[in-house]
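What follows draws every value from the coordinates through simple rules; no lab data is involved. Model, not experiment: these values are computed from the prediction. Cβ sites come from the backbone with ideal geometry, for glycine too, and all protein chains shown count toward neighbours.
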C-alpha cells in the first residue's frame with residue numbers, strides 16, 4: 001500500500017516552554033497529519049540527549065527524553081501549578097531551541113512536580129517492575145552524573161566507574177532520592193508517549209522512530225555492560241567508530257562511539273540487541289536503523305587518533321543478528337538507513353533481510369541519468385523515497401548550496417523552468433515515485449530556507465534546534481498535501497472510500513438541484 005510520511009521530531013513541535021513536548025501541540029500535529037492524508041509520522045530517537053544535544057548521542061538506549069514531558073499534563077495531574085513553569089523565560093526565539101535554558105530550568109520544574117508525586121502509586125510501581133532490567137541502573141547513572149557535576153562515568157572514583165559491588169550498594173542508598181526522581185521521570189515520559197502514540201494510531205498514523213547503531217561511551221549502557229564493547233581492562237575503548245575519508249570529508253568522520261564486541265554478542269545469541277529491538281518496537285510502529293551498513297562491515301579507528309584517516313574495515317554480524325531477532329521477536333517493521341559507502345555485500349544483506357532501503361532525492365542530480373537515487377532507477381517499490389533526511393539541508397537551502405551543474409540537471413529532469421520551483425517539483429517527484437513510502441521533512445512543506453536545517457553532520461553546536469509555530473499548520477497546507485496524496489495514490493484506503501462516497505452524494509445532490 002502506498003503511503004506518505006512527514007519528518008518532524010518532538011523537539012520541533014510548537015511550545016511555549018522552549019522545546020516541543022508531548023502535549024496539546026503534538027495532538028494538533030497528529031490531527032494535521034490525518035487531515036493531510038499522511039499516514040506516517042517519522043521522528044528522531046526519543047532518548048535523552050547528552051553533549052552536543054544530539055539524540056544520536058544519548059545516556060541510554062532505553063530511556064526517554066525528560067525535556068519532552070508536558071508540564072500542562074503534569075499540572076492536570078496535580079503535580080504542578082501554572083506559576084511553577086509559565087513565568088520562566090524559556091528562550092528568545094520561538095523558532096530555535098535554547099538548550100542551555102532548557103537544561104537550566106526544565107529539571108528544576110520537574111523536581112517541583114516530583115516533590116508532589118506519590119511514590120507508592122501502583123501504576124508507577126508496576127512500571128518500575130516491568131522495566132527493572134534497565135531503569136534502576138539508568139536512574140543511578142544519572143544521579144551519579146549529577147553528583148559528579150556532569151562528568152562522564154570514566155572520570156568518577158574507580159569503585160563507581162568499575163561498578164564495585166559494595167560501591168554500588170552504598171550509592172543506591174546515598175542517592176536514593178535522586179534515583180527515585182529519574183525513575184519517576186521515565187514513568188511520566190512513557191505514560192505521556194504511550195498516550196500520544198495510541199492517539200496517533202487511532203487516527204491511522206504510524207510512528208517511524210530512529211535507533212542509532214552505536215551508543216555513546218558516556219552512557220548507562222556502556223557503564224553497566226562493558227563486556228558488550230571493545231574495551232580494555234580499564235574500560236577504555238581500544239577502537240572507536242567513524243567513517244573513512246571521502247570527497248566531503250578529507251579526514252573522515254570520527255564519531256568516537258565504542259564498537260561492539262560482536263564475537264561476544266554472537267555467543268549470547270545477540271540477547272542485548274534482541275532486547276533493544278524489542279524495546280524499540282514498543283516505542284515505535286516501525287524502526288529505522290541508522291547506519292545499517294555497519295552490520296555488514298564497520299569502520300574502526302584506533303582509540304586516541306585525532307582523525308578517521310587511518311582506520312580499517314572489519315566484518316560485522318551480518319544476517320545472523322537479524323535471523324536471531326526474527327526467531328525471537330517475529331516479523332519486525334524495519335527501515336534500513338543504507339546511505340553512504342554501500343558495497344555489493346551491503347546490498348546483499350539488505351536483500352536477504354527484506355527491509356526497505358532509502359532513496360534520497362537530494363542525492364539524485366549530480367551523477368547523470370544512471371544515478372540510483374533518480375526515481376527512474378528505483379528497482380523496487382520496497383523502498384522509502386525521501387526529499388531529504390534530518391541530516392540534509394532543506395530543499396530551498398539545497399538550491400542555493402548546490403553547484404550550477406547539479407541545479408541545471410535537476411531542472412532538466414523535472415521539466416522545471418524556474419529554479420525557485422525546484423523544491424515543489426522535487427516533492428512532487430518523490431510522491432510520484434514507485435516507492436511504497438514517500439517522506440519529506442516538515443521544513444520542505446513549509447518551504448524553509450537554510451535556517452530550517454536540523455543537523456549538519458560532523459559539526460557540534462547550532463544543531464537540533466529547529467522549531468515550528470502553531471501558525472505553520474494551516475488548513476490550506478493540509479489541503480495541499482492531501483491533494484498531492486490523492487493525486488499519487490497515497491491516501492489511506494478508508495479516506496479513498498469515504499471521498500468516493502462523498503462524491504456520489506454530491507453528484508446526487510447536484511442532479512436533484514438541477515431537476516428542481
Revision key, fill the gap. Fewest to most Cβ atoms within 10 Å: 353, 314 sort as 314, 353
Point to revise | Longest to shortest principal axis, alpha-carbon extents of region 266-364, angstrom | key: 40, 39, 25
Exercise for review: Give the span of region 303-415's Cα atoms along each principal axis, as three whole-Å numbers ordered largest to smallest.
Suggested key: 49, 42, 24
Check your understanding: Which distance in Å, rounded to a whole number, links the C-alpha centroids of region 260-317 and region 46-68?
Key -> 18 Å
Practice item. Using only Cα atoms, tell me the angle between helix 493-515 and the longest principal axis of the chain; keep it within 0 to 90° and round to the nearest 10. Key: 30 degrees
Check your understanding: For Kirkwood radius over Cα pairs in Å, the choices are [x] 26.6; [y] 23.4; [z] 24.6; which was calculated from the structure?
Key -> [z]
**Study point:** 222 nm mean residue ellipticity, helices alone, for the chain (DSSP H n ≥ 4; -39,500 (n - 2.57); rounded to 500)
**Key:** -12500 deg cm²/dmol
Exercise for review: Would you please state the base-10 log of I(q)/I(0) at q = 0.20, 0.24, 0.26 1/Å for region 424-485, with intensities from the Debye formula using one equal scatterer on every alpha carbon?
Suggested key: -0.91, -1.09, -1.16
**Study point:** Angle between the chain longest axis and helix 176-202 axis [Cα atoms, degrees, rounded to 10]
**Key:** 20 degrees
Review point. In whole Å, how far is the Cα centre of region 327-344 from that of region 189-208?
Key: 24 Å
Revision key, fill the gap. Most exposed to least, judged by fewest other Cβ atoms within 10 Å, 208, 215 sort to 208, 215
**Study point:** Stretchable slack from residue 234 to residue 419, in nm (0.36 nm times residue separation minus alpha-carbon distance)
**Key:** 60.9 nm
Point to revise | Over region 361-479 - Rg/Rh using Cα atoms and the Kirkwood inverse-distance radius | key: 0.96
**Study point:** Nitroxide proxy distance, nm - points 7 Å out along Cα→Cβ at residue 164 and residue 328
**Key:** 3.3 nm
**Study point:** Rounded to 10°, Cα long-axis angle of helix 24-35 versus longest principal axis of the chain
**Key:** 30 degrees
Review point. So what is the relative contact order of region 304-437, in percent, for Cα pairs below 8 Å that sit 6 or more residues apart?
Key: 21 percent
Review point. Within the P(r) computed for region 194-309, what percentage of the Cα pairs occupies the region above 26 Å?
Key: 31 percent
Check your understanding: Taking the Cα centre of each part, how many Å lie between region 443-467 and region 1-30?
Key -> 16 Å
**Study point:** Overall Cα dimensions of region 66-181 - principal axes, largest extent first, Å
**Key:** 45, 35, 20
Check your understanding: How do 88, 19 rank when sorted from fewest to most other Cβ atoms within 10 Å of their own Cβ?
Key -> 88, 19
Check your understanding: What does the convex hull of the Cα atoms come to per residue for region 1-96, in Å³?
Key -> 139 Å³
Point to revise | Global size of region 21-77 as Cα Rg and Dmax, reported in angstrom | key: 13.7, 37
